[in-house]
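Read through the structure below, which is laid out as structure tokens, and then see the notes.
The values are calculated or read from the model by the stated rules, or taken from the named source; none is laboratory data. Please read all numbers here as calculations on a predicted model, not as lab measurements. Virtual Cβ from ideal backbone geometry, glycine too; neighbours counted across all protein chains shown.
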């Protein structure tokens, strides 16, 4: 090993050094890790703290999911006391509340996908048609704004607007209706949730599409025009195919968050009166686990949810790769 | 691109488009305006449903009530402290790791990237995280807010893409001049990355400023809450009062007093974000683009 460059620190960051004479290359091949460590130890040392973070706060909790299969005692071991097998899974599979919240999760997830995925595309296409740069910039800047707000602020605004004396009820009143206590009505929760979600995300969601639209080759429009395509046809045959990779990537990512439907927002917006439509898996496991202290039971539900989420991403990614050749990795 | 004379159909479309986009702007801005109007109005006017865009019965009582509440200022100070500490940790860790990941020659680089990216798609979930943070004894400390979300993988990939775009020759020259990895990072790479680091600071600072759930979960003491949780307790308290039909004395008073107080608290919480928004917006947009191209 003495033949390894002792002045290694002089070339620690560039690309791999050019091939060395034979003897050294053999050493490098036989002990590649040792050599890499010797050359790049400073780089590796920079990775230690971040790796510690991932290990402790990302991977340890993944292992911590074993409490879904073990009896957990508060104050006891993080990994539980003794094995219980699938007891907690059987418990929630036979728990009628679980199936209610499961259905709610699917419905809210589907509605969110149905509105929050296509609307940014529509808005981006509309913005793209605005001739005046100043005007377009202005609309963009305004529409990005809600993205920067805390969910607490958004929830608080929703409650103010929908309160009995709020704007929406003023409109209802102007048409001669009786004030509706929207926040207390289960029948309104889904509309409220989805529209507040659209309000907060639609503008920001246009960024990537607008960027993709600017990269479309101008000749394609020209060719389409020569073929007699009007504006609408150009949108359909040139613009949409042009942003398809972006669309697919965002669709896959959206599907990935399908099961996790805006947990924090629901937690802020719902109340016992609206549980029949508003309670989703994540809020249910929050109440069962953290409020009532059945941590093992809640961990089982959480693990189930996470596995479904991962399966959804992987299958969406697989389908997309095969069908249109776009994939996340 | 030569633009042909617009057809009549396209002119109609432009008109419709203008109406739609105006509606988007109005719908986006309206909630802010109505909240400001409510915060400046008289309780009685709000109760009778008269307040929408223009304050009725203009007064600053609610502002005085909120700003004279010590709990409000304590929570505001907590938000500032949490944001500064958490952002500092996050930016340092993200920069270090992104720098390491940007070195194409590094052995094990793919594994190091994979370790980070996998956590985007699979996480331990709420309960194991809660158990972990609790058993590490982080409850009621700033670390419960700062550490569990120290590295955002999306931000990490953005920064990695940026470092990869820097010319390799620069660092080779630094190595020839005898600078080690640390020296190269501190004296060559970071000075060239000021805009990127600023973007990261903004990304993290805004997200920590806005966050509430970690503090809500891990802070038991009133004097440790950030302003978002302060506001949350205010709005949930108000809706509880509505549900129970005002159990405490004359319930209507409580609920309606809360309406102006809530509006004022919303205005005061959102103000810092609105104040910096025009300046930070373009950094965010360029950061997102960078992440999208390479990420």
Does residue A:132 satisfy the criteria of being within 11 Å of chain B (Cβ to nearest Cβ) and either modelled with pLDDT of 90 or more or within 20 Å of the chain's Cα centre (by Cα) (or both)? no
Can you tell me which of B:26, B:19, B:81 is over 30 Å from residue A:262 (Cα atoms) and either at pLDDT 95 or above or more than 7 Å from chain A (Cβ to nearest Cβ) (or both)? B:19
I need the full set of residues from segment A:171-185 which are within 13 Å of chain B (Cβ to nearest Cβ) and either outside any helix (DSSP H, G or I) or in contact with a helix residue (DSSP H, G or I) (Cβ under 8 Å, 6 or more places away or on another chain) (or both), in order please. A:177, A:178, A:179, A:180, A:181, A:182, A:183, A:184, A:185
Within the bounds of segment B:63-76, is there any residue that is without any contact (Cβ under 8 Å) to a residue 60 or more places away in the chain and either under 30 Å from residue B:160 (Cα atoms) or not in a helix (DSSP H, G or I) (or both)? yes
Within segment A:165-199, tally of residues that are surrounded by 20 or more Cβ atoms within 10 Å (Cβ to Cβ) and free of Cβ contacts under 8 Å to residues at least 40 places away in the same chain: 5
Tally time: how many residues in segment B:147-183 are part of a helix (DSSP H, G or I), under 29 Å from residue B:118 (Cβ atoms), within 11 Å of chain A (Cβ to nearest Cβ) and in contact (Cβ under 8 Å) with a residue 12 or more places away in the chain? 5
For segment A:270-283, name all the residues that are over 20 Å from the mean Cα position of the chain (by Cα) and either more than 9 Å from chain B (Cβ to nearest Cβ) or within 13 Å of residue B:128 (Cβ to Cβ) (or both). A:270, A:274, A:275, A:276, A:277
Considering residues that are without any contact (Cβ under 8 Å) to a residue 60 or more places away in the chain, part of a helix (DSSP H, G or I) and within 31 Å of the chain's Cα centre (by Cα), the number found within segment B:20-59 is 15
Flag if residue A:49 is over 30 Å from residue B:269 (Cα atoms) and surrounded by fewer than 21 Cβ atoms within 10 Å (Cβ to Cβ): yes
Take residues that are on the phi < 0 side of the Ramachandran plot and at pLDDT below 85 and tell me which of the helices (runs of 4 or more DSSP H) falling wholly in segment A:221-329 contain 2 or more. A:231-234, A:244-256, A:295-324
Return the residues of segment A:111-130 that are touching a residue at least 40 places away in the same chain (Cβ under 8 Å) and not in a helix (DSSP H, G or I); say none if nothing qualifies. A:117
Verdict on residue B:269 being modelled with pLDDT of 80 or more and either surrounded by 18 or more Cβ atoms within 10 Å (Cβ to Cβ) or within 15 Å of the chain's Cα centre (by Cα) (or both): yes
Scanning segment A:288-311 residue by residue, those more than 10 Å from every other protein chain (Cβ to nearest Cβ) and free of Cβ contacts under 8 Å to residues at least 60 places away in the same chain turn out to be A:291, A:292, A:308, A:311
Could you check segment A:230-248 and list, in sequence order, the residues that are more than 15 Å from residue A:209 (Cβ to Cβ) and more than 12 Å from chain B (Cβ to nearest Cβ)? A:236, A:237
